[in-house]
1. Can you tell me which residues in the stretch 125-183 are of a type in the set (A, V, I, L, M, F, W, C) and open to solvent by 80 Å² or more (accessible area, probe 1.4 Å)?
2. Those residues that are at pLDDT 95 or above and among the aliphatic types (A, V, I, L, M), I need them from the stretch 58-87; list them, please.
3. Using beta carbons and a limit of 6 Å, which pairs, at least six apart or on different chains, have the first residue in the stretch 228-257 and closer than 24 Å to Ala149 by Cβ and of a type in the set (Lys, Arg) and the second one open to solvent by less than 20 Å² (accessible area, probe 1.4 Å) and part of a helix (DSSP H, G or I)?
4. Would you pick out the residues in the stretch 51-64 that are of a type outside the set (Val, Ile, Thr) and either touching a Lys or Arg at 6+ places or on another chain (Cβ under 7 Å) or crowded, with 21+ Cβ neighbours inside 10 Å (or both)?
5. What number of residues within the stretch 72-91 are open to solvent by less than 90 Å² (accessible area, probe 1.4 Å) and without any contact (Cβ under 8 Å) to a residue 60 or more places away in the chain?
6. So how many residues does the stretch 102-119 have that are in contact (Cβ under 8 Å) with a residue 40 or more places away in the chain and open to solvent by 30 Å² or more (accessible area, probe 1.4 Å)?
7. I'm trying to understand the selection: among the residues of the stretch 169-183, which are modelled with pLDDT under 95 and touching a Gly at 6+ places or on another chain (Cβ under 6 Å)?
8. Please work out if Lys125 is under 29 Å from Ala6 (Cα atoms), basic (Lys, Arg), assigned to a helix (DSSP H, G or I) and over 13 Å from the mean Cα position of the chain (by Cα).
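The values are calculated or read from the model by the stated rules, or taken from the named source; none is laboratory data. Computed from a prediction, not measured in an experiment: that's the story for all the values here. Here the Cβ positions follow ideal geometry from the backbone for every residue, glycine too, while neighbour counts run over all protein chains shown. All accessible areas refer to the heavy atoms of the entire protein, side chains included, with ligands and DNA or RNA removed. Shrake-Rupley method; radii C 1.70, N 1.55, O 1.52, S 1.80 Å.
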Amino acid sequence: MKRQYADGTCFKVIKNNLSKDYLVLIHGLGLNLDVWTWQIPLLKSYNIILYDLRGHGESDPTDLKPSLQDFANQLNGLLGHLNQKEVTLIGFSLGAMIARKFSILFPKKVKSLVLLNSPNKSSEKEKIEVESRANLVKNKGADATVGAALNRWFSDNFRKDNTQIMELTSHWIRSNDRNVYSKIYPLLYFGSIELSGNPCLTRALILTCDEDFANGPGAAHEISNDLPNSKVVILKKLRHMALVEDPKSVNDEIIRFLDS
C-alpha cells in the first residue's frame, strides 16, 4: 500500500472488494493518514481511500487562508483524480467537519456520512480556548501542546499502558509546522459556526464518547439537529481518540451503520 501523490495531496488506495463502495477516511487536526492504522484491518471488506489533509503529513500546505471549503475542495479534487462519483465519508474530529462541509457543497457525491468525535464549538469560552491553543502553537510550536492533547485524547490507563502509541502520536503532533498548524487550529471554532444551521439530508452516523470532554455527547446531539437523517451513538469510558484506543468498538458501530 504505497503512498501516491496528486496535485499536492498524499493518498493511499486500498482495494479489498470491488463490489463494495469506497470509504474515504479523513483524519483530524495535527494528525495524518496513519492515524487510521488500527481501523484498516477491521474494514477489510471495504475499499478505502485515505489521505493527508493540506498542511499535514506529506501533503502540501495551502496557499490560502485555511477554510473548510478549501479542505472540501482538496477532497473533491482527489475524488476527481480517482474517478470516484459517490463515496461514504468517515471523518474524525476536524475531518468530520470537512466531511459535513463536503456533503453540503457536493451532496450528490456522498452516499453516507460517519462523523467521529466531531467538534461543535459555539460559546465564547470555547472560542477563547481554541484561539489560545492556536497562539500557543504559533509562539512555542506544536510541541507545547502535546501533553495536554494526550490527556484530552486518551484515557488515563491507556496512556500508561501504551507508551509506544503515545510516542507515535506525540511525533505526529510535533511534526507539524507551527505557522501552518496555528492557522488551521481556529477552524475547530470558526468551522463549527460556519456549519451550524446548514442542514444536510445525507444519511449519517454521529459517534462520540462520554469522556470526550470537548466533543462529547452534547456536541453530537447538537450536530444531529442539522442532520435530520442521522443517528447518534455514544461509546462509554473513552475519550477523543477512541478510533485508536478501541478501534473494534468504533468499527463495530461503523459497519453496523453501513450495512443497515
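1. First, the residues of the stretch 125-183 that are of a type in the set (A, V, I, L, M, F, W, C): 128, 130, 134, 136-137, 142, 144, 146, 148-150, 153-154, 158, 165-166, 168, 172-173, 180.
Within the stretch 125-183, just Ile128 meets the criteria.
2. Leu68, Ala72, Leu75, Leu78, Leu79, Leu82, Val87
3. Close Cβ pairs satisfying both conditions: none exist.
4. Applying the first criterion (of a type outside the set (Val, Ile, Thr)) to the stretch 51-64 yields 51-61, 63-64.
Hits for the stretch 51-64 are Tyr51, Asp52, Leu53, Arg54, Gly55, His56, Gly57, Glu58, Ser59, Asp60, Pro61.
5. Summing the residues that are open to solvent by less than 90 Å² (accessible area, probe 1.4 Å) and without any contact (Cβ under 8 Å) to a residue 60 or more places away in the chain in the stretch 72-91 gives 6.
6. First, the residues of the stretch 102-119 that are in contact (Cβ under 8 Å) with a residue 40 or more places away in the chain: 103-104, 107, 110-119.
This time we only want the ones that are open to solvent by 30 Å² or more (accessible area, probe 1.4 Å), so: 104, 107, 111.
Result for the stretch 102-119: 3.
7. Asn176, Arg178, Val180
8. Working: under 29 Å from Ala6 (Cα atoms): no; basic (Lys, Arg): yes; assigned to a helix (DSSP H, G or I): yes; over 13 Å from the mean Cα position of the chain (by Cα): yes.
Criteria not met by Lys125.
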